[in-house]
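The values are calculated or read from the model by the stated rules, or taken from the named source; none is laboratory data. If you're wondering where the values come from, they're calculated on a predicted model, not measured in any experiment. No Cβ is skipped: glycine too gets one built from the backbone with ideal geometry, and neighbour counts run over all protein chains shown.
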Amino acid sequence: MEPLRVSEDPASSPPARSKLRIFSIILMLCLVLFIAALDQTIVATAIPSMTKDLNSAAGYTWIGAAYLLAMCAANPTWVRISDIWGRKPAILGANIVFTIGSVIAGASTTMPMLIAGRGVQGLAGGGIMSLVSIIIADLFSMRHRSLYVSATALVWVLAGTTGPVIGGTLSQYASWRWCFWINLPVCGVALIVIFFFLDLHNPHTNLRDGLKAIDWFGAVSTVTIILLLLLGLDFGGVTFAWDSPTVICMVVFGISLIGFFIFAEKRLARYPLLDLRVFQDWSNNAAVLVAISHSMATTGTEYYLPLYFQSVKQASPSKSGVLILPMMVTVSLCDVSIGVLVHKTGRYREVIWAGTMLLTLGTGLYITFGIDTSLAHIIGFQVIGGIGFSMLLVTPMLALQNNVAQPDVAVATGTLSFMRSIATSLSIVIGGVVFQNSMSNQQPSLVSAGLDDAQLMSFSGHDAAASVELVASVRDPAQNRAVLEAYSVSIRNMFILYTAVAAVGLFASPFIKQRHMSDEHQETKTGIENITAHKPNT
């Protein structure tokens with residue numbers, strides 16, 4: 001059984017490109033990636049304003065999770081689209097879909113409409129994030145790739161740094177809707193730059209033949225599996241009891257479909273959505289596991305640190321964005337150094353080892369955050385976590401790409417991006433479940449403090465995240481302290497979860513192999529004629 005493979009022509013070498021064209025291409029990739037990454041972080045500090053304006057506290061978790069869920073589900077399909085029709089048409093299409101999603105989200109008048117707009121954005125974001133890495137892999141050799149991949153990682157960091165600040169400032173001084181409107185001019189510029197400067201192989205595949213080549217069963221299955229599992233986890237203990245038929249059915253059916261999906265991809269699909277051969281190598285499995293733990297731990301801290309600042313520390317949305325800057329600035333500075341280091345030495349294994357240790361330590365230190373935590377501790381602990389954050393942004397992907405043949409890099413990269421997307425989606429939803437259940441468990445202490453029924457309802461598990469602005473309305477010092485303590489304990493429980501997840505990467509990292517990073521490179525040819533199909537087993 002042969003895996004799906006996009007071929008490369010050994011007789012041809014990559015076309016010579018001027019420094020100006022290379023600069024323009026990288027600038028374009030960074031620009032289009034920036035808008036997708038920004039939308040993952042810009043809402044973090046604006047969500048309380050969104051839920052208040054749309055009168056729906058229940059949407060707090062799903063404003064972020066809808067984007068990540070759709071991003072995760074669409075990721076493998078965009079990779080296959082790029083294999084069939086070429087990288088340039090795929091990334092142009094993803095950018096257009098992202099623009100449409102931004103318009104829907106910005107014009108939202110109800111919470112379902114906002115979540116739908118975020119979902120459309122996520123469908124495109126999943127493609128953008130994978131395609132940027134794949135295009136760089138098509139353009140540059142393994143050794144030189146580390147520099148350019150680090151540049152895209154820096155874009156992630158800049159989006160993470162500026163996103164919460166921009167989101168908080170816009171929601172406080174203008175309107176949260178501008179968190180989405182600002183995407184439109186950026187999308188327009190990106191479309192122009194992509195169209196005129198990206199010069200990769202275009203197979204001119206017929207639309208009908210291309211649609212037949214897509215693994216539609218695999219695409220629908222991934223959406224169904226992720227939706228069932230995430231909804232089941234989100235409902236559990238909050239909307240429904242954990243032992244309720246609704247939650248049990250969602251989780252059981254979701255897990256069952258995973259087995260059927262794997263069987264179908266291995267035995268039935270002619271052009272399978274995921275290359276499951278990636279998981280037949282211990283080093284690849286370790287790299288994927290490190291990437292998953294990194295994505296879950298860092299996404300959770302990025303997303304929920306602003307909640308700690310706005311609830312326990314009673315910071316404004318804009319100030320909470322500023323308070324997360326120490327971590328993001330640290331990541332920005334270290335990311336550049338890591339890219340240069342890997343490029344010069346050709347070594348990534350030791351960087352991964354150190355990164356997993358520092359990420360676990362830094363995330364563990366967040367557990368100590370409480371009501372009376374000083375600003376110095378907040379800054380210092382974020383610096384430690386930020387160093388570990390930066391060391392694992394690109395190195396797991398480089399380890400995976402360096403352990404597969406060049407024709408398999410696109411599918412392997414797409415598989416890793418897909419797993420990262422699942423991790424980020426699970427991170428926010430599971431973190432939300434832990435927080436909501438922890439706040440529900442804090443209800444007896446709030447009752448003992450003397451809060452009235454309306455206040456108890458506001459600070460219950462389901463509504464607590466959207467009620468941070470109401471904490472200041474609790475005037476009695478003892479009652480106010482009890483509310484702050486409830487938030488503090490609940491957020492601490494989330495950081496315990498993320499520390500355990502980071503530790504998984506720490507234990508997996510020794511299994512990653514170090515291989516020689518070659519300077520030689522040949523560009524990959526796309527199109528159905530260059531794809532080796534599965535021969536389904538009968």
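Quick rundown of the values:
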{"item": "Test for THR169: is it in contact with a Cys (Cβ under 6 Å, 6 or more places away or on another chain), farther than 29 Å from LYS19 by Cβ and not in a loop (DSSP other than H, G, I, E, B)", "result": "no"}
{"item": "Tally of residues being farther than 23 Å from MET328 by Cα and either modelled with pLDDT under 90 or touching a Phe, Trp or Tyr at 6+ places or on another chain (Cβ under 6 Å) (or both) across the range 286-314", "result": "1"}
{"item": "Within the range 173-193, tally of residues that are in contact (Cβ under 8 Å) with a residue 40 or more places away in the chain and either in contact with a strand residue (DSSP E or B) (Cβ under 6 Å, 6 or more places away or on another chain) or polar (S, T, N, Q) (or both)", "result": "1"}
{"item": "Residue match in the range 164-175 (condition: touching a Ser or Thr at 6+ places or on another chain (Cβ under 8 Å) and under 23 Å from ASN75 (Cβ atoms))", "result": "no"}
{"item": "Residue in the range 221-235 that is part of a loop (DSSP other than H, G, I, E, B), under 27 Å from the mean Cα position of the chain (by Cα) and within 30 Å of PRO407 (Cβ to Cβ) present", "result": "no"}
{"item": "Residues being modelled with pLDDT of 90 or more and more than 16 Å from ALA399 (Cα to Cα) - total across the range 333-357", "result": "1"}
{"item": "Checklist (1) modelled with pLDDT under 85; (2) surrounded by 17 or more Cβ atoms within 10 Å (Cβ to Cβ); (3) in contact with a strand residue (DSSP E or B) (Cβ under 9 Å, 6 or more places away or on another chain) applied to VAL251, failing item", "result": "(1)"}
{"item": "Out of ASP408, ASP453, sole residue that is more than 27 Å from GLY370 (Cβ to Cβ), of a type in the set (Asp, Glu) and in contact with a Pro (Cβ under 8 Å, 6 or more places away or on another chain)", "result": "ASP408"}
{"item": "Answer from ALA90, ALA124, ALA94, ALA105 - the residue that is touching a Gly at 6+ places or on another chain (Cβ under 7 Å), modelled with pLDDT of 90 or more, buried (at least 21 other Cβ atoms within 10 Å of the Cβ) and over 16 Å from TYR67 (Cα atoms)", "result": "ALA90"}
{"item": "Counted residues, the range 309-332 - those being over 26 Å from VAL394 (Cβ atoms), surrounded by fewer than 24 Cβ atoms within 10 Å (Cβ to Cβ) and polar (S, T, N, Q)", "result": "3"}
{"item": "Helices (runs of 4 or more DSSP H) contained in the range 38-145 and holding at least 3 residues aliphatic (A, V, I, L, M) and farther than 17 Å from SER175 by Cα", "result": "60-85, 87-106, 111-139"}
{"item": "Whichever residue in the range 431-460 is free of Cβ contacts under 8 Å to residues at least 40 places away in the same chain and among the hydroxyl-bearing types (Ser, Thr, Tyr) and, among such residues, is surrounded by the fewest Cβ atoms within 10 Å (Cβ to Cβ)", "result": "SER448"}
{"item": "Residues of the range 348-386 satisfying the condition of being buried (at least 24 other Cβ atoms within 10 Å of the Cβ) and of a type in the set (A, V, I, L, M, F, W, C)", "result": "ILE352, LEU359"}
{"item": "The range 267-282, subset modelled with pLDDT of 80 or more and farther than 21 Å from SER130 by Cα, residue surrounded by the most Cβ atoms within 10 Å (Cβ to Cβ)", "result": "ASP281"}
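Residues checked against (1) outside any helix (DSSP H, G or I); (2) among the aliphatic types (A, V, I, L, M); (3) in contact with a Leu (Cβ under 7 Å, 6 or more places away or on another chain); (4) not assigned by TED's automatic domain parsing to the domain that holds GLN314:
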site: ILE352; (1), (2), (3), (4): no, yes, yes, no
site: LEU361; (1), (2), (3), (4): no, yes, no, no
site: ILE371; (1), (2), (3), (4): yes, yes, yes, no
site: HIS377; (1), (2), (3), (4): no, no, no, no
site: VAL409; (1), (2), (3), (4): no, yes, no, no
site: THR413; (1), (2), (3), (4): no, no, no, no
site: VAL434; (1), (2), (3), (4): no, yes, yes, no
site: SER460; (1), (2), (3), (4): yes, no, no, no
site: ALA466; (1), (2), (3), (4): no, yes, no, no
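Per-residue answers, yes or no, for (1) touching a strand residue (DSSP E or B) at 6+ places or on another chain (Cβ under 6 Å); (2) surrounded by 21 or more Cβ atoms within 10 Å (Cβ to Cβ); (3) at pLDDT 85 or above:
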| residue | (1), (2), (3) |
| --- | --- |
| VAL429 | no, yes, no |
| HIS462 | no, no, no |
| LEU470 | no, no, no |
| ASP476 | no, no, yes |
| GLN479 | no, no, yes |
| VAL489 | no, no, yes |
